[in-house]
Amino acid sequence: LFHQTFDSTMQAMMARVAVRRSSLSCGHIRCLSTPSLKETLIAQMPAKQAALKALKKEHGSKIVDKVTIDQLVGGARSIKAMLWETSLLDPIEGIRFRGYTIPELQEKLPTLTMKKGEEPLPEGLFWLLLTGEIPTKDQVDSLTADLHSRAKLPSHVESTIRSFPKGMHPMTQLSSAILALQTDSVFAAEYAKGCHKSTYWEHSYEDIMNLLARLPEVCALIYRCTYFDGVVPPYDSSLDYSGNFCKMLGVNDPSFEELMRLYIVIHSDHEGGNASAHTCHLVGSTLSDPYLSLSASMNALAGPLHGLANQEVLGWLLGLQATLKEQGKPVTPESITEFAWATLKAGKVIPGYGHAVLRKTDPRYTSQREFALKHMPDDPLFHVVNTVYEVMPGVLTEHGKTKNPYPNVDSHSGVLLMHYGFDKYDYYTVLFGLGRAYGVLAQLFWDRALGLPLERPKSVTSEWINNFLDKNPDGL
């Protein structure tokens, strides 16, 4: 019955799309031959849903993984237990977004002026994450215009943000502000009316688009109210997503806008097992609307072992720089090595190095390093980071207590922001959150479009484990 209703819903919607498109001319928003994002998704859904149904029917009982006790008590590391379409992480190669590496995204996705060497527009990445297809510049421009048209905040949200107490962490503000936006949830309103489950995807799509459109002003309000006079420059719909966001932050520098485009793209997605992605998927599986799901995701991102790590890295780097200056020592491989060993022997960790999955240098780190070499090769703090990169893998390998002695994404991001005077580093995770919203919301759309079920893994007690081992000394 679900599939019959879904098919009839699709046919009716495609008919409406055909009528609407037939009334357009090339002089309006787009040419007739260029489908919108929603039209592209509508065309894709029946085949993708049928493919998943066939996969379950033909192969549902086949085993793809096993679980050890180490994994059971060790954070479920590497257990294959979730469908996540938008990206895949390889321990050696790193992240691929819908099959594309970061350098490939930089080569293939549309840019602001389509000049070689520019960073990709995040709107283009969002199109790719949702559809699996590289969009044209016209399609990206139409998506940017659609987001601008949805960006106006509900009247109570700005006053809510302005009423937050001084000292509230920016990530706490972000999570709370997203909850305040939830009063506009289309999904929640339609679900309360008793909508059919075959329409969940469409109501979720509206929420996802509205939420993504409104996040820049929310994040800008948090920044301007927390650190400055609370005055936010006016929204400028003539700019792209990142350019408008930077303007509202109060930063008017084309190079910083390029950094923000790169920053959003590389922080958008890192497959589904990381804490913020998994949290959004888990909460969304209960049919909580996208606002509730993203707010929960941001709470996970705020943890020191996840997104908050970027500010810890910058704090460590600034401390290193200050110590060497105080001791009258230059930044050299020798002085960095000495400082690193002092940190490790004090029982502390080197922040920004190591990753739960990766076993090589994080390609997100590499892309930021290349940006720095292009835009700020003589920056003193970049010199520190670059020197750390030269020696740290060897130090950590000799130390012998890490499976991955190479830098991750957090090891570099703060240095780039500091170069542009963006020095409020307890705000950095908000920028991470803005980027991460792109990935988790794209997957959340497909969770609803594919009708993925409530997530409910099995837990066991330590007594159960001991009883199991008594009966199965060698495991299964």
Q: Roll a 1.4 angstrom probe over the protein heavy atoms and tell me the percent of accessible area of the chain that is carbon or sulfur.
A: 55 percent
Q | Hull volume in cubic angstrom per residue (convex hull over the Cα atoms of region 279-363) | A | 133 Å³
Q. Using θ = phi - 60° and the Karplus curve 6.51 cos²θ - 1.76 cosθ + 1.60, what whole-Hz ³J(HN,Hα) does each residue of region 93-105 get, with Gly and Pro shown as x?
A. 7, x, 7, 10, 9, 6, x, 9, 6, 4, x, 5, 4
Q.
Per residue, how much accessible surface does region 147-213 expose to a 1.4 Å probe? Answer in Å², no decimals.
A. 43 Å²
Q | Net dipole in debye of the chain [+1 Lys, Arg Cβ; -1 Asp, Glu Cβ; about Cα centre; nearest 20] | A | 940 debye
Q: Mind ranking 292-303, 59-70, 327-338, 405-416 by how tightly packed they are, going by the mean number of other C-beta atoms within 10 angstrom, highest first?
A: 405-416, 292-303, 327-338, 59-70
Q. For region 355-462, how big is Rg over Rh, using alpha carbon atoms and the Kirkwood form of Rh?
A. 1.10
Q: Under 1.5 on a/c is rounded, so check that first for the chain, then, if it is not, pick prolate when a/b is larger than b/c and oblate when it is not; a ≥ b ≥ c are the square roots of the alpha carbon gyration tensor eigenvalues.
A: oblate
Q. Can you pull the accessible area of residue 381 for me, 1.4 Å probe, Å² to the nearest 10?
A. 10 Å²
Q) Extension gain residue 370-residue 338, at 0.36 nm per residue separation less the Cα-Cα distance, in nm? A) 8.9 nm
Q) What is the local net charge at residue 105, summed over the other residues whose Cβ is closer than 10 Å to its Cβ (Lys, Arg +1; Asp, Glu -1)? A) 0
**Q.** Calculated SAXS-style log₁₀ I(q)/I(0) at q = 0.15, 0.17, 0.23 Å⁻¹ - region 405-476, Debye, Cα scatterers
**A.** -0.80, -0.82, -1.01
Q: Find the accessible area per residue for region 428-476; the probe is 1.4 Å, ligands and nucleic acids are left out, and the unit is Å².
A: 51 Å²
Q: Consider just the alpha-carbon atoms of region 256-312 and return their Rg together with their Dmax, both in angstrom.
A: 12.6, 39
Q. Cα gyration tensor of region 184-263, axes a ≥ b ≥ c as square roots of the eigenvalues: rounded (a/c below 1.5), prolate (a/b > b/c) or oblate?
A. prolate
(Q) I'd like the Kirkwood hydrodynamic radius of region 270-429, using the inverse of the mean 1/r over distinct C-alpha pairs, in Å. (A) 16.8 Å
(Q) Need one number: the % of Cα-Cα pairs in region 213-338 sitting beyond the 21 Å mark. (A) 59 percent
Q) What list of ³J(HN,Hα) values in whole Hz, one per residue of region 153-165 in order, does the Karplus curve 6.51 cos²θ - 1.76 cosθ + 1.60 (θ = phi - 60°) give from phi, with Gly and Pro shown as x? A) 6, x, 4, 7, 6, 4, 5, 4, 4, 5, 8, 4, x
Q. Counting alpha carbon pairs within less than 8 Å and at least 6 residues apart, what relative contact order, in whole percent, applies to region 53-133?
A. 18 percent
Q) Using modelled backbone amide H atoms (1.01 Å from N, in-plane), which distant-in-sequence or interchain residues come within less than 5 Å of residue 353's amide H? A) 408
Q: For residue 87, list long-range residues whose amide hydrogen, built 1.01 Å from N in the peptide plane, is under 5 Å from its own amide hydrogen.
A: 98, 271
Q. What full-extension length gain, to one decimal in nm, is calculated for residue 50 and residue 471 as 0.36 nm per residue of separation minus the Cα-Cα distance?
A. 147.3 nm
Q: Would you compute, from DSSP H runs of 4+ residues alone, the mean residue ellipticity of the chain at 222 nm, taking -39500 (n - 2.57) per run and dividing by the full residue count, rounded to the nearest 500?
A: -19000 deg cm²/dmol
Q.
Using the Karplus curve 6.51 cos²θ - 1.76 cosθ + 1.60 with θ = phi - 60°, what ³J(HN,Hα) values do you get for each residue of region 254-269, in whole Hz, with x for Gly and Pro?
A. x, 5, 5, 4, 4, 4, 5, 4, 4, 4, 5, 4, 6, 9, 5, 8
(Q) Can you give me the C-alpha center-to-center distance between region 271-340 and region 62-90, rounded to a whole angstrom? (A) 23 Å
Q: Output the pairs from 53/137; 53/108; 57/458; 401/471; 345/458 with a Cα-Cα distance over 30 Å in this structure; if there are none, say none.
A: 53/137; 53/108; 401/471; 345/458
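The values are calculated or read from the model by the stated rules, or taken from the named source; none is laboratory data. Keep in mind that what you see is a predicted model, and the values were worked out from it rather than measured. When we count neighbours, we look across all protein chains shown, and the Cβ atoms used for this are built from the backbone with ideal geometry, even at glycine. When the accessible area is computed, the model is the full protein with side chains, heavy atoms only, and any ligands, DNA or RNA have been set aside. Shrake-Rupley method; radii C 1.70, N 1.55, O 1.52, S 1.80 Å.
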